[in-house]
Structure formats: C-alpha cells, structure tokens
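Below you'll find the structure, written out as structure tokens, and then a few comments.
The values are calculated or read from the model by the stated rules, or taken from the named source; none is laboratory data. Everything quoted here is computed from the prediction, not taken from an experiment. Cβ atoms come from the backbone with ideal geometry, glycine included; neighbour counts cover every protein chain shown.
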Amino acid sequence: MTQEIRNYTMNFGPQHPAAHGVLRLVLEMDGETVVRADPHVGLLHRGSEKLAESKPFNQSIGYMDRLDYMSMMCNEHAYVLAIETLLGIEAPARAQYIRTMFDEITRILNHLLWIGTHGLDLGAMAVFLYAFREREELMDCYEAVSGARMHANYYRPGGVYRDLPAQMPQHRESPWHKGNDLKRLNSWREGSLLDFLDAFTADFPSKVGEYEELLTGNRIWKQRTVGIGVISPELAQQWGMTGAMLRGSGVEWDLRKKQPYAKYAEVDFDIPVGVNGDCYDRYLVRMEEMRQSNRIIRQCVQWLRANPGPVMLKNFKVAPPSRVEMKEDMEAMIHHFKLFSEGYCVPAGETYRAVEAPKGEFGCYLVSDGANKPFRVHLRAPGFAHLSSMDTVVRGHMLADVVAMIGTYDLVFGDVDR
Amino acid sequence: MLDQLIQQLVWPIVYILCITLPLIVAVAMFVFWERKVIGWMHVRMGPNKIGPFGLLQAFADTIKLLLKEVILPTNASRFLYYLAPLLTLIPALAAWAVIPFSSRMVLSNANAGVLYLLAMTSMGVYGIILAGWASNSRYALLGAMRSAAQVISYELAMGLCLVCVLVLAGSLNLTDIVNAQAGSKGLFDWFWLPLLPVFVIYFISGVAETNRAPFDVAEGESEIVAGFHVEYSGSAFAIFFLAEYANMILVSFLASILFMGGWLSPFPATWGFIGHGGVLWLFIKAFVFSFMFLWFRASFPRYRYDQIMRLGWKVFIPIAIVWVLVAGCLKYFGLVSIGPGV
C-alpha cells in the first residue's frame, strides 16, 4: 500500500504577532520549509482613493496620513505636490524647506519603527523600546507643528499649514516624568522647535550607534539576516521595488537625487546602497539612511533659522487668508468662505507626482476634470509592489525567514490596502 | 507501626513541601524579578502597580490564570491534552529531590543523583511534545517538533559536559561533587576552571534545554505565536509556565553545584565568616545564573531552529567530547586538586 505524503497549508495571520497588521499569508509548508506563499491583502481596505473623489481637494489630505500610517507627511507630500502641479503653483522656499525637514523626520520615524518591529520579529526585544524612546521625541515635533502626533494633516497645496512654533511645548510633571528625568526632557525644550531639533540631531547619531551595537555585529542577528531573502537587482526592478528594497540590492535609485522635489537639490546627503540584496544589507541601508536623514535635518534647521518668511502662498484662491484680514476685509471673508465650503477648482488635466517615502516610491496619480473634486486619485503604494514579490522571494526559505522577510519588506497595511 | 508510618511517609512529605512550596514562591518572585529587570534594561519600569513596587504582580497573574477557563480545542485529544502540562511539571519539581542545598541539607542523598537529574530533565520534553500534538493545531505541532529536535541535540552536549564533571569528581552523587571542589584556594578549586569550555557549554545547553531566549524556538513568539502551548489557557497554561521557570531555577542551581562549588565559599577558609560555606552562597550563585537567563532574553535575537541544531551538533558536542578526554588526562596525571569528597 502506498501512502501519499502531502504538504500542509498554514494560515499565517491575519491575527499573528509578526503579520504587521493584517497580512494573511497562506503558506504551503514542507515541514518547516515554505513551498509556496500566497499573500492575501485587502483586510484593511478603506477605499481612500474612492473617498477622495467625493471631497474637495484639501479635505483628502487627512486621508493621506492614514495610508502608510508610519510615514504620514511623506504621503501628504505626494498628494499636495500633485495638486500643486495641476494648479501650476509652487510653495514658498521656507515651506519647501519645512517639507524637506519633516519628510526626513518622517523617514526617521518610520525607520525607527521598522528597526523596532523587525528586531522584535527576530526576537531582539530591546531595540524596539530603545527606538520608541527616540520616536517619542520626534512625535513631539509633529505635535508641536500640527497638534497631532501621528495624523498631522500639515502640508497644504501652496505651503504648509503654519510656521514652526517659536516655543517648543514642555513636559509637565507627572508620575512618569519627574525629577531629573523631567529636567533632562525639558532641557531640550527650552527654545523653539528648531532648537529642539538641533539638540535632537546632535544626539541622534549616538542613538543609532546604540541600536547598531545591539544588532550589527551580533552573530545571531547576522545568522538570521545574512543571505536571507536575497533579491537580485534584476528581480528587484522586475517587481517594481523601490526605496530601501531596491537600494539594498545595489541599485542606486533615489527620487530625492534623481528627480529632486522640495529642496532636496539644495541639501547635501548620500544614498547608501547594499551589495548582496539580503535582509542584512537592507538593514544596513536603512540604518545609514537614518544617519543621512539626520544630516539633512541639520542642514534644514540651519537654513530655516537664517531665513524667516512666508510658509504659504499669498494666493487666496487656494490658501486661506489670515484671521486678522478676515475681520476687516470683505474679499478675504468671501475667499475664506469659498475655500472652506466649495474649495478650489483645479484645471482639467492629469499628473503623476512621486516622493521618496521611507518605504519607497509613494506616488499620486491625479486626474482632474476641472471641478472642485478630483476625478480620480490613484495612489502608488510601495508596500503593495513589495508584497507581491513575497512568493518568489521566500520560496524554499524556512518559516522563521518568512518572518524576517515580512520585517524587511517594512509592510504597513494602511498603504498596501489603501 | 505508627512510628514507622511517620518515619517513612509523613516526614518525607513534609520535606517535599519544604522544597516545593518555597520553590513555587521563588518562581513567582522570579517572574516578577524578570519583568522588572527586563523593564530596566528596556528603559521602562516593569510592573509597579500591584502591591509595594509591584511585588504582588506575579500572584495577581496566578490568581487570574487559575480563575480562567481551560479551553479544549475541537478534536483535541482530551486525555493527552490535560496530561501534558502535568508531564512537564512533575519532572521539573521531582528533579529537586537530589539537589543538595548544603552539606547536610538534601532530600535524597542518592548515589546516582546525576543520572536521576538527567532522567528527570529529559522527561519534561514529553509533556511539550504531547501538548503540541494533542492540541490539534499546526502552530503547536511545529512547536513540538522544534522542541523535540532541540532536546535531542542539547541533551547530548549536556550529558557530555556532565561526564567531564563525573570524571573529575569520581562520583555521581551531587554532595560528593561539591565536596570534590573544596580546597584551600577557594574559588580556584572549583571545576569551572579546569572545565571552562564545558562549563560555558553546559550553561548554554541549559538555556536551550529550558526553551529560553535566544533558543526559544519552541515558543517562537513571532513565528509560531506561542508554539506548543498556543492552545492552552488558564491553569493548564500556568502549569507550563511554572514548569519552565522551575526548570530555569534548577539549571541555575545545577550550574552552581556542578561547576561553581555549590554551597562552598569562594574565599579561603582562613578569611573568617565569609570564608565559610553555607546555603546562602548557593543561593547567591544560583541568583547570578538565573539573572543571566533574563539578561539573554533582554538582549539577544532568536536563533532559527536549524541554526540551533547546527550549534548543538557541530560546535558543542565536538568540544564537549574533546574535553572529556582533556578532563580524563587532567585527572589521570593528577593536574587538578580534588577535594576530600571522594
């Protein structure tokens, strides 16, 4: 009698500690080896693209925050850039510097979360909490400019919502922050937001060094990541990979350099690239990106200190007039009313604008038919392209490597499912 | 008749309770200590709400677990499912019978103490394998398979490490093994010095044997969720937990007894009070070793399951085999001073 030996199927997620949200991965397993991986997406689909069609342009900026909820302002940036292109306007230089600076703050925020969760997936618990310590400081920057710690809604077509605050909010005494701890926290927060960022960026490279000390030379960490999930440059390009996934494979492609937007052409930074295209290289690339982002922030802080100025266009067709003007000027009052009820009409046309979001190329394809609402918005999410390569990459790896691979993809289901 | 009954039944039970009850309390405090220490290492606070400094946290958790329902998964093998936690707990507690706390404090001064220990510690894995199989869950089954593979690799390395100790001490009795480490040089008379490589291997194998980070692939939180006990809840889960921590403490005690001179003082006897051996020394040593478990857990990433096997088979076992020969030569040529125990 013969008995057929079959592989078995395992349902990895959608509720799984390493699923990074709601990834459902149907794995066909031969023992511990993965024979086929079938990612199922759509469990976090909220129809953001469709929702945007039913609202004036500005009202969808808030939805962009909620796509990739780890790189909020970068998503806003792509959408706002697309509107600006269709309108034919450009934000003032100071606003562009602020955008550059906050894009990089966002990149650090995202990479900190990534290193934390990736470490946690591979069992290194400490990095997670260390990374969140620094994330907290940067969240405070978000809060200082926009009032929200995550879903900032700060960028606007024509500039940013308001100028950087002259006073960084301080921590109050609480059971969690008191004594020397409170003094240390507030010592950075004596001056403006720029002073705070100055202090933060002076300190941050040493913090990256701390994470690297725990992981980079760690033999277990290397065994878990070196040679795991190797993606050749050709494969990476075939699957439409961008960001650290592509650079980890040795392709030097970064929209900030290749198609500079905002003020990236004016700041000095390097693009790290990997050699082998494995999880370890992508880890090193992201760690170095944090250091480079730190450099960019420092340059922006310097420029912003020296150059005060408007952060919003004085074009009342797209940007609201100030409250003071509204009290006295009839025109301003009307503009305000029109802007917050009807919004503005965008000339008919279509455009695609992309930014180098922390996870890769985040693009916004915008079609306008001349109305006050977009005719169609398509968002190009980097995570979606990356995830589609899952089966090709993890075939033949072990179950534990699938977890390492999900970590290195840096998936967030807000933007995969949109 | 009554005298005999008291002699043979009541006193042993009292002794057993004298060991197991403090052990269970020690496990509770160890869990609390672990959460505190890992909290500090992670720049957070750890439990601090229940009782002074959060001291009662572990008891609150225990009470919560005991009050929860034990859920039996569909199509699970009922008998084995309930038997498995007991199969892990009983050997974990029974192994303590031969542990000498000081030269006179030992429940059973068995001649084949080390053999008994080996038998008991390897029994525990049956509970894990049965738990994984009986749960009727693929995650649990994977955990059980990993655990089985891991135990096979590390029992061998651990056994060979013990052989080195036996060769030097010339006895299977744990009290004799400690006495063999006594001498005028204190700290430098203990077996860790001549057996340094196997001492390290023994402790790492002990970490692997108890399924602790970085060898916690049988639980593999981020891969197979909780591994073999993913389907267990309530008191059944609490029993697994208790067994795991009792085993950790056991491994810490064994490392102290086999390599670090048990209750002996690290200082020469001429140093007065601190030069005298005592149960406190054993506790201090075991505390240091158990602290290492927490330190590992707080800082290391997790091994992959095949890498653990490679470490066991290709690194630990060859080194241990070589050191068995080295230990034999050391003993034969009288290069190690052996205490008065033999």
Considering each of A:Gly179, A:Gly227, A:Gly191 in turn, give the residue that is more than 25 Å from the chain's Cα centre (by Cα) and in contact (Cβ under 8 Å) with a residue 40 or more places away in the chain. A:Gly227
Residues of the stretch A:1-30 being loosely packed, with under 14 Cβ neighbours inside 10 Å and either acidic (Asp, Glu) or more than 10 Å from chain B (Cβ to nearest Cβ) (or both), in sequence order, are A:Met1, A:Thr2, A:Gln3, A:Glu4, A:Ile5, A:Arg6, A:Asp30
Considering the stretch B:1-43 alone, what residues qualify as being of a type in the set (D, E, K, R) and at pLDDT 85 or above? B:Glu34, B:Arg35, B:Lys36
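For the stretch A:111-126, what are the residues that are part of a helix (DSSP H, G or I) and at the interface with chain B (Cβ under 9 Å from one of its Cβ atoms)?
Pass one, the stretch A:111-126, residues part of a helix (DSSP H, G or I): A:111-121, A:125-126.
Once the filter is applied, which keeps residues that are part of a helix (DSSP H, G or I) and at the interface with chain B (Cβ under 9 Å from one of its Cβ atoms), the stretch A:111-126 yields A:Gly119, A:Leu120, A:Asp121, A:Met125, A:Ala126.
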If A:Glu137 passes every condition in (1) surrounded by fewer than 24 Cβ atoms within 10 Å (Cβ to Cβ); (2) in contact with a Leu (Cβ under 7 Å, 6 or more places away or on another chain); (3) part of a helix (DSSP H, G or I) but one, which one does it miss? (2)
B:Gly262 vs (1) surrounded by 22 or more Cβ atoms within 10 Å (Cβ to Cβ); (2) on the phi > 0 side of the Ramachandran plot; (3) within 14 Å of chain A (Cβ to nearest Cβ): all pass except (3)
In the stretch A:182-201, is there at least one residue being within 14 Å of chain B (Cβ to nearest Cβ), under 26 Å from A:Leu138 (Cβ atoms) and at pLDDT below 90? yes
Complete set of residues in the stretch B:216-256 that are among the polar types (S, T, N, Q) and more than 14 Å from every other protein chain (Cβ to nearest Cβ): B:Ser233, B:Ser235, B:Asn247, B:Ser252, B:Ser256
Of the residues that make up the stretch A:318-325, is at least one acidic (Asp, Glu) and either outside any helix (DSSP H, G or I) or within 14 Å of chain B (Cβ to nearest Cβ) (or both)? no
Has the stretch A:404-417 got any residue that is touching a His at 6+ places or on another chain (Cβ under 6 Å) and farther than 20 Å from A:Leu246 by Cβ? yes
Inside the stretch A:233-257, can you point out the residues that are part of a loop (DSSP other than H, G, I, E, B), on the phi < 0 side of the Ramachandran plot and either basic (Lys, Arg) or over 20 Å from the mean Cα position of the chain (by Cα) (or both)? A:Trp239, A:Ser249, A:Val251
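Among the residues of the stretch B:201-212, write down those that are under 12 Å from B:Glu244 (Cα atoms) and either in a helix (DSSP H, G or I) or at the interface with another protein chain (Cβ under 10 Å from one of its Cβ atoms) (or both). Quick ask: steps written out before the conclusion?
Taking the stretch B:201-212 first, the residues under 12 Å from B:Glu244 (Cα atoms) are B:206-212.
Within the stretch B:201-212, B:Gly206, B:Val207, B:Ala208, B:Glu209 qualify.
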Return the pairs, sorted by first residue and then second, in which the second residue is in a helix (DSSP H, G or I), the first residue lies in the stretch A:98-119 and is of a type in the set (Asp, Glu), the beta carbons are less than 8 Å apart, and the residues are 6+ apart or on different chains. A:Asp103/A:Met73; A:Asp103/A:Cys74; A:Asp103/A:His77; A:Glu104/A:Ser293; A:Glu104/A:Asn294; A:Glu104/A:Ile296; A:Glu104/A:Ile297; A:Glu104/A:Cys300
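Can you pull out the residues in the stretch B:223-235 that are in a helix (DSSP H, G or I) and crowded, with 22+ Cβ neighbours inside 10 Å? Talk me through it step by step, then tell me what you get.
To start, the set of residues in the stretch B:223-235 that are in a helix (DSSP H, G or I) comprises B:223-224, B:227-229, B:234-235.
Scanning the stretch B:223-235 gives B:Glu223, B:Ile224, B:Gly227, B:Phe228, B:His229.
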Somewhere in the stretch B:298-315, is a residue surrounded by fewer than 19 Cβ atoms within 10 Å (Cβ to Cβ), within 20 Å of B:Phe203 (Cβ to Cβ) and of a type in the set (Val, Ile, Thr)? yes
Among the candidates B:Leu282, B:Leu335, B:Leu242, B:Leu254, single out the residue that is more than 30 Å from A:Met398 (Cα to Cα), assigned to a loop (DSSP other than H, G, I, E, B) and touching a residue at least 40 places away in the same chain (Cβ under 8 Å). B:Leu335
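Out of the residues in the stretch A:202-227 that are small (Gly, Ala, Ser) and assigned to a helix (DSSP H, G or I), state the one that is farthest from the other protein chains (Cβ to nearest Cβ). Step through it out loud before you land on a result.
Narrowing the stretch A:202-227 to residues small (Gly, Ala, Ser): A:202, A:206, A:209, A:217, A:227.
Those still in the list that are assigned to a helix (DSSP H, G or I) too: A:202, A:206, A:209.
Values: A:Ala202: 20, A:Ser206: 15, A:Gly209: 16 Å.
So the residue we want is A:Ala202.
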Across the stretch A:360-418, what is the total count of residues that are within 14 Å of chain B (Cβ to nearest Cβ), of a type in the set (Val, Ile, Thr) and more than 21 Å from A:Tyr283 (Cα to Cα)? 0
Going through (1) among the acidic types (Asp, Glu); (2) at pLDDT below 90; (3) in contact with a Cys (Cβ under 9 Å, 6 or more places away or on another chain) one by one, A:Glu325 fails only at (3)
Quick one: A:Pro169 ticks every box in (1) over 25 Å from A:Tyr69 (Cβ atoms); (2) out of contact with any Gly (no Cβ under 7 Å at 6 or more places or on another chain) except a single one, so which number is it? (1)
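Criterion first (closer than 30 Å to A:Leu366 by Cα and either without any contact (Cβ under 8 Å) to a residue 24 or more places away in the chain or among the polar types (S, T, N, Q) (or both)) does A:Lys50 satisfy it? First the steps, then the outcome.
Working: closer than 30 Å to A:Leu366 by Cα: yes; either without any contact (Cβ under 8 Å) to a residue 24 or more places away in the chain or among the polar types (S, T, N, Q) (or both): yes.
For A:Lys50, the condition - closer than 30 Å to A:Leu366 by Cα and either without any contact (Cβ under 8 Å) to a residue 24 or more places away in the chain or among the polar types (S, T, N, Q) (or both) - is met.
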Does any residue of the stretch B:260-276 turn out to be in contact (Cβ under 8 Å) with a residue 40 or more places away in the chain, within 20 Å of the chain's Cα centre (by Cα) and in a helix (DSSP H, G or I)? no
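May I ask you to say which residue of B:Ala149, B:Ala140 is within 14 Å of another protein chain (Cβ to nearest Cβ) and modelled with pLDDT under 85?
Values: B:Ala140 fails: modelled with pLDDT under 85.
When all the criteria are applied, what remains is B:Ala149.
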What residue, of B:Phe291, B:Phe296, is within 14 Å of another protein chain (Cβ to nearest Cβ), within 20 Å of the chain's Cα centre (by Cα) and assigned to a helix (DSSP H, G or I)? B:Phe296
